[in-house]
Every structure is written in C-alpha cells, then in structure tokens.
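The values are calculated or read from the model by the stated rules, or taken from the named source; none is laboratory data. Only a predicted model underlies this, so the values are computations on that prediction, with no experimental measurement involved. All Cβ positions, even for glycine, are placed from backbone atoms using ideal geometry, and neighbour counts span all protein chains on display.
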Amino acid sequence: MTDGATFTILIVDDEQHILFSSESLLRFAGFREIRTLDDSRRVLSLLEKETIDLIVLDLFMPYVSGRELLTLLSRDYPHIPVIVMTAADEVDIAVDCMKGGAFDYLVKPVENARLVSCVKRALEISSLKNQVSQLREHLLSNRIENPGAFSALVSVSPKMSAIFQYCEVIARSRQPVIINGETGTGKELIAKAIHTASGLKGKFVPVNAAGLDDNMFSDTLFGHKKGAFTGADQARAGLIAQASGGTLFLDEIGDLHEVSQVKLLRLLQEQEYYQVGSDMPLVSDARVIVATNRDLRELTATGKFRNDLYFRLCTHQVQLPPLRKRAEDISVLLNHFLEESAQELKKKKPSYPPELVTLLSLYDFPGNVREMKALIFDAVARHGSGVLSLERFREHIGIRSAPPASASLPVKGVVDGLRQALDRLPTVREVEEYLVDEAMKLANGNQGIAASLLGFTRQTLNKRLRKNRENLP
Ligand SMILES: Nc1ncnc2c1ncn2[C@@H]1O[C@H](COP(=O)(O)OP(=O)(O)OP(=O)(O)O)[C@@H](O)[C@H]1O
C-alpha cells in the first residue's frame with residue numbers, strides 16, 4: 001500500500017501531451033504531489049530545491065538526454081527510483097538503462113495500469129529501503145529520538161529498547177504493523193506508542209476483533225446507512241471513519257472471521273470500504289496496526305487465516321518478549337506499579353522486603369505485565385503497615401509450605417540424574433544436599449524463599465545448610 005499523498009513524483013519529458021496525460025493518470029491514481037518538466041536542463045536544480053521521491057524520465061530529449069541524466073541521478077541521488085519511459089523498444093537500450101540504475105524501463109505508449117503499478121512498486125521498495133537504512137542508523141546510534149512516545153512503557157530491558165527503536169523507525173511508514181506477543185505483554189501500549197511517534201494528527205482507534213461475527217465487524221468498523229437493516233434508524237459512521245488521518249488498531253486479529261478477512265484485505269489493498277447497506281465505496285487513509293497472541297503463520301498454514309491478508313499485513317513485525325524473559329524489568333515495574341497504585345488508592349507508597357523482587361523473578365507470569373500490575377494493586381489495597389507483606393505474593397505465586405503432589409516427576413528426574421552421575425542410587429543425604437543447593441541458587445541466596453521452595457521452615461533450612469557445610473570435605 002502506497003499513500004499517494006505522501007510522495008512527490010517528477011515527470012520529465014519534452015512532449016507536453018505526455019506530461020499532461022501522465023500527470024492526469026497519476027493524479028487519478030491518488031498521487032497528489034506531481035511536478036512536471038519539459039526541459040531536462042532544469043532537473044538537477046529542481047532536485048536541489050525540492051524533495052522528490054520518484055522520477056519518470058523520457059530517454060530522448062534535446063539538450064541533456066535521459067541517459068545522461070540517469071547516470072547523474074544514480075550517482076548523486078541513488079535513493080530516488082527512476083522509471084525510464086521511451087518510444088525505443090530496443091533490448092540493448094533497455095539493458096543499458098537498467099545497468100545504469102533505472103528501476104524499470106517502459107515502452108511508449110505505456111498502458112495506464114502498467115505505469116501506475118510500476119510507480120507504486122518503485123515507491124514501496126524505495127520506502128522500505130529508506131526504512132532499512134534509517135533502522136540501521138538508529139540501531140547503531142542506540143537512542144530513541146522521541147522518548148515521550150514510549151513513556152507509558154516502563155522497561156530497562158535491552159530487548160525492549162531495541163523494540164522501541166525499531167518502532168520509532170516504522171512509525172514513519174504507512175505500512176501495516178503486526179504486533180505479536182503473549183497476553184498482557186503491552187501490545188496495545190506499543191501500538192499507541194507507534195501512533196504517537198508517527199505524528200499522525202488523527203485519533204488512535206482500538207477495535208477488538210475477538211467475538212465479532214462478520215455482521216458485527218462490518219457494522220462496528222465500516223458503519224451503516226440509515227435503514228440498512230431492521231433497527232438501523234440512524235446512519236452510523238464506523239470506527240474506520242473515526243480513525244481518519246490516524247491509526248486503526250485491530251486487536252486479536254487471529255480471531256477475525258473469514259468473511260471479515262476479505263473486507264480487511266480490500267481496505268488494505270484499495271484503501272476502500274463499503275458501509276453496510278451501501279454500494280458506494282468510501283476511502284480511508286487510516287494506518288492499520290494489528291495485534292495477536294497467536295502465531296499467524298501457523299494459522300495461515302492451517303487455512304484459518306488468509307495468506308494474502310497475512311502478506312499484506314506483515315511488512316513490519318514486532319515480537320514482544322514475555323515478562324519472564326526480561327527479569328531485569330521486574331524491579332522497575334514493581335516500583336512503577338507501587339507508585340501508581342498508591343496514588344490511585346490514595347495511600348502512602350509502601351516499601352517492600354528485598355526478597356520480593358527475587359520471589360517475583362521466580363514466577364513465570366502467564367498473564368505478563370497485566371498480571372503483575374493486578375497483583376501489586378491488590379497487595380497495596382490490602383496492606384495496612386508501611387511494608388508490604390510477602391504473604392499475598394507467596395499465595396498468588398503458589399509457593400506453599402508443602403510441595404504439590406505433581407512434584408514427584410521432577411524429583412524422579414533429579415534422582416535419575418544423580419544415579420547416572422554416581423553410578424549407584426544416591427543416598428537421602430546426597431539428594432537433600434542437591435535440592436538445598438538448587439533452591440538456594442534459584443532464590444538468589446535468599447533463605448526465606450529457598451525454604452518456601454523446598455517446603456521447609458526457614459529454621460529447618462538453616463539447620464540443613466549448616467549440616468551441609470559441616471559435611472564439606
Ligand atoms: N512495559 C509496561 N509498562 C507499564 N505498564 C505496562 C507495560 N506493559 C503492559 N503494561 C500494562 O499491562 C496491561 C496490559 O497491557 P496491554 O493491554 O497493552 O497488553 P496486550 O498485550 O495488548 O494484552 P492483550 O493481548 O490481553 O490484549 C495494561 O494495563 C498496561 O498498561
């Protein structure tokens with residue numbers, strides 16, 4: 001999808017009628033910024049003054065030929081794609097132009113659709129190339145230019161900061177984005193951040209596709225005409241109209257109904273949609289960002305998600321890591337949510353025992369940041385003294401005084417491992433020493449947490465540790 005409004009095209013041809021017809025054709029195809037020149041000597045001075053995204057160049061012109069210009073353009077403006085358009089249908093000339101850096105070579109009279117699709121393709125490829133080089137620069141410079149756009153996302157993780165940098169670059173593109181990640185990892189926050197960083201003036205409009213059948217999807221997104229169906233007493237503009245000049249965020253895209261997938265594909269390809277009960281196409285310029293916690297590629301393989309829609313969506317992809325894969329964020333998020341919850345609940349921000357961070361890092365947070373946020377809000381709501389109690393967290397995380405029955409399998413694995421290593425059945429003392437050692441490692445040396453993991457009291461663990469030390473050779 002190329003957005004004609006954002007690109008400037010220059011057409012150079014000494015024949016006025018060609019300039020006129022090519023300009024009209026491209027304007028009709030949605031390209032609004034078009035410059036024309038019938039004198040090739042003025043091309044370079046124009047390029048010094050204006051930003052041009054693509055050039056359509058005639059080959060045979062008086063004064064400076066198109067071929068001469070092509071050499072200069074490839075040398076000084078290699079990022080601008082040049083489409084050569086000429087009456088000469090000769091293979092040698094075409095090959096020479098392509099070697100000289102032309103993006104494509106079209107023979108006059110050029111079929112309208114051919115010229116438009118060639119221009120769109122060239123712009124798509126060059127804008128992707130530009131993004132790649134910006135991305136490279138950005139990643140090498142290792143900084144975010146607009147940190148305000150990402151301020152709602154609290155993180156000190158290098159993985160997340162690389163993601164923010166990538167998002168800042170793709171924010172400038174109008175191509176769709178797929179955001180993938182487990183529930184609660186911050187997909188909607190990232191989508192909002194991309195919208196803010198894009199500088200788009202329109203709104204950020206979220207729509208949850210889960211549970212919408214095709215009728216509901218069409219009505220919600222595209223709206224309806226008055227009288228379109230029983231009960232449609234008023235016309236309704238859909239959310240896509242609200243997202244005009246902004247971003248439409250489609251959450252849970254993996255659950256989108258098959259028929260709705262076709263409508264979304266049309267919207268992405270043609271930037272067009274139909275309101276329910278209308279056969280008049282409407283135009284949308286909203287940027288589309290989608291999110292899912294499912295594997296879209298896998299869904300395409302099983303036929304549950306259209307291949308062509310996937311390929312339309314997949315230009316930019318963001319994969320958010322689960323919280324358990326960025327343990328360095330536990331402590332900053334804990335402080336952030338303590339602050340936020342204390343403010344919201346009008347309480348003083350409590351302090352917490354240092355073991356809390358270790359305890360939280362041991363947990364795998366299937367609900368990710370959302371789960372952590374809820375846990376902390378609840379603990380702050382319940383607590384009365386100045387220091388948070390670990391009890392509520394222990395309960396949630398499931399570390400109980402007695403190990404669960406299902407623990408027998410891993411224990412068998414431990415015993416088997418020791419049996420192999422020792423070449424005999426290990427003694428009870430050896431198994432115990434091993435487990436105590438592992439628990440202490442997992443708990444970062446915190447005896448309270450290690451004791452909980454082992455199902456001991458802290459005093460019992462302390463005794464065992466002392467005994468282990470005495471048994472050291
Ligand atoms: N890095 C973060 N910093 C602060 N808050 C966060 C962060 N990530 C997520 N959150 C919070 O966690 C909650 C869930 O975030 P969000 O809705 O963006 O996740 P999601 O991945 O879109 O979830 P789902 O897949 O369930 O729709 C929100 O309250 C959000 O504010």
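Hey, does region 56-78 have a residue that's buried (at least 19 other Cβ atoms within 10 Å of the Cβ) and in a loop (DSSP other than H, G, I, E, B)? Among the residues of region 56-78, at least one is buried (at least 19 other Cβ atoms within 10 Å of the Cβ) and in a loop (DSSP other than H, G, I, E, B), which makes the answer yes.
Of the residues making up region 101-114, not a single one is surrounded by 15 or more Cβ atoms within 10 Å (Cβ to Cβ) and within 29 Å of LEU200 (Cα to Cα).
Taking region 159-193 as the range and being in contact (Cβ under 8 Å) with a residue 40 or more places away in the chain, within 12 Å of the ligand (Cβ to nearest atom) and aliphatic (A, V, I, L, M) as the test, the residues that pass are MET160, ILE163, ILE179, ILE190, ALA191, ALA193. Does LEU264 fit the bill of being under 18 Å from MET216 (Cβ atoms), away from the ligand (no atom under 16 Å from the Cβ) and aliphatic (A, V, I, L, M)? In short, yes. Across region 111-128, the number of residues qualifying as over 16 Å from ILE34 (Cβ atoms) and not basic (Lys, Arg) comes to 8. Taking the conditions (1) away from the ligand (no atom under 16 Å from the Cβ); (2) not in a helix (DSSP H, G or I) in turn, ILE289 satisfies each one other than (1). Do the conditions hold for ASP219, that is, is it in the same structural domain as THR196 (by TED's automatic domain parsing), part of a helix (DSSP H, G or I) and more than 20 Å from the chain's Cα centre (by Cα)? Yes; evaluated as a whole, the condition is true for this residue.
In region 3-55, of all residues being free of Cβ contacts under 8 Å to residues at least 24 places away in the same chain and in contact with a strand residue (DSSP E or B) (Cβ under 7 Å, 6 or more places away or on another chain), the one that is nearest to PRO109 (Cα to Cα) corresponds to LEU19. If you take the residues of region 115-158 that are of a type in the set (S, T, N, Q) and within 16 Å of the ligand (Cβ to nearest atom), which of them is surrounded by the fewest Cβ atoms within 10 Å (Cβ to Cβ)? Checking each candidate, the answer is SER151.
The residue of region 357-393 that is farthest from the chain's Cα centre (by Cα), among those that are surrounded by fewer than 16 Cβ atoms within 10 Å (Cβ to Cβ) and basic (Lys, Arg), is ARG382. Restricting the search to helices (runs of 4 or more DSSP H) fully inside region 322-397 and requiring at least 3 residues that are more than 15 Å from the ligand (Cβ to nearest atom) and touching a residue at least 60 places away in the same chain (Cβ under 8 Å) gives 355-361. Residues in region 222-252 that are away from the ligand (no atom under 16 Å from the Cβ), under 27 Å from the mean Cα position of the chain (by Cα) and of a type in the set (S, T, N, Q): GLN242, SER244.
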